[in-house]
Every structure is written in structure tokens, then in C-alpha cells.
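Worksheet: the structure to be examined is printed underneath.
The values are calculated or read from the model by the stated rules, or taken from the named source; none is laboratory data. Computed from a prediction, not measured in an experiment: that's the story for all the values here. Methodologically, a virtual Cβ is constructed for each residue, glycine included, from the backbone with ideal geometry; neighbour enumeration extends over all protein chains shown. All accessible areas refer to the heavy atoms of the entire protein, side chains included, with ligands and DNA or RNA removed. Shrake-Rupley method; radii C 1.70, N 1.55, O 1.52, S 1.80 Å.
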Amino acid sequence: MNTPSLLGILCYPDPRLHTVARPVAAVDERLRGLIDRMFATMYDANGIGLAATQVNVHERLVVIDVSEERNQPMVLINPEIEWASPEKRKGEEGCLSVPGIYDGVERSVAVRVRALDRDGQSRLIEAEGMLAVCIQHEMDHLMGKVFVEYLSPLKQGRIKSKLVKAQREALRS
Ligand code: NI
């Protein structure tokens, strides 16, 4: 089997990260090819989740692996939250599209999500802990929302200028 080629990850404050994704129309070979490339890209970047939005594909597709061993890939196609616990907790989050930035975001501690898997089968996923946080974070991406938007405008401004500066320096070197 060929190694899937890596995809470029959009970096905040790229305006394309605010695109609202449309539903996936068909779970076919094209989509499975994209899923394989997204997993390769996520593992290469040491991430635990990647939304299609982050690789500039605006379809409702997310890949996740929160396992320590990096051997529990999970695909969510057209995910919908059926239930989110009223109990919330604040935890530190990061994002492959916001490199080097970590900050606290409040999320439901448990969620129940309906999604298609890579075979197009409908699955009900009951998640808590890190997986629940990751699912909520990735589903936000599909709505065009990046986690820093939960932070204060002051912090958002600082993060924006820091990343713009870093990207400018990376271009120069
Ligand atoms: Ni993210």
C-alpha cells in the first residue's frame, strides 16, 4: 500500500478556517482517499484530531485518535451531537491550526454523537473525557469556529499577531 501524501494545514488567522462545511454527499473511494490523507497528516503533526476544514476541504468530516499508542483511528462523517452533558469543565486545548498556543476552554464533559463511519454505517458514539472534548473541538471547526474564539478579544488579538509574525518569519527564512 502506498503511503498517503500529506495535506497542508491552514493556519489561524487564515479566513478559510471560518468556512462552514457542507454535508458529505457520498462515502465513496474519493472520500476514503481523503480520510487516509487526513490521518497521515494528523499523525505526522502529532495531533489527536483533524477536521477537513483545516486542510481546506469544506465537508463535514473529522478524523480523531486520542489513544496513547496512536492505533485507534476514528472517522466521523456528517456528525451530529444528539446530547451534550449540562455538566461542563474547563480544560486546556491546542490546535494544529494554532501552533504553539494552548488555553482553557469550557466544554461538556460527555457527548453522544451520531455519525457515519468510513463504510458509511451510522454509528452512535458515547464519549467522555478527552474524546468528548476532541469531538466538540473538531465539530466546531466544521462550523468555521477555531477554539481561540472562546477566549477574550484581547487574547485573540495577541494570538493573531503572534501567529502572523511567526508566519511572516517562516516565509522569510
Ligand atoms: Ni483544531
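Quick notes on this structure:
- Counting charges near Tyr102 (Lys, Arg +1; Asp, Glu -1) among other residues having Cβ under 10 Å from its Cβ returns a value of -3.
- Model label sites at Arg32 and Ala45, defined 7 Å from Cα along the beta-carbon direction, differ in position by 2.5 nm.
- Arg168 versus Arg89: modelled label distance in nm, points set 7 Å from Cα along the beta carbon direction: 4.1 nm
- Alpha carbon Rg of the stretch 78-158, scaled by the compact-globule rule 2.2 N^0.38 Å: 1.17
- Taken over the stretch 4-162, the alpha-carbon convex hull comes to 108 cubic angstrom per residue.
- Kirkwood hydrodynamic radius of the stretch 1-53, Cα pairs, Å: 12.4 Å
- Close amide-amide hydrogen proximity is noted between Gly49 and Asp65, each under 5 Å apart and 5 or more residues distant or on a separate chain (H modeled in the peptide plane; Pro and chain starts excluded).
- Seen from Ala84, the other residues with C-beta closer than 13 Å to its C-beta sum to a net charge of -2, counting Lys and Arg as +1 and Asp and Glu as -1.
- Portion, in percent, of the accessible area of the stretch 2-100 that falls on carbon or sulfur, probe 1.4 Å: 50 percent
- Net charge in the neighbourhood of His137 (other residues with Cβ under 10 Å of its Cβ; Lys, Arg +1, Asp, Glu -1) is -1.
- Per-peptide packing, taken as the mean over residues of other Cβ atoms within 10 Å, places 129-135, 164-170, 108-114 in the sequence 129-135, 108-114, 164-170 from highest down.
- Cα-based shape type of the stretch 87-130, given that a ≥ b ≥ c are square roots of the gyration tensor eigenvalues and the cut on a/c is 1.5: oblate
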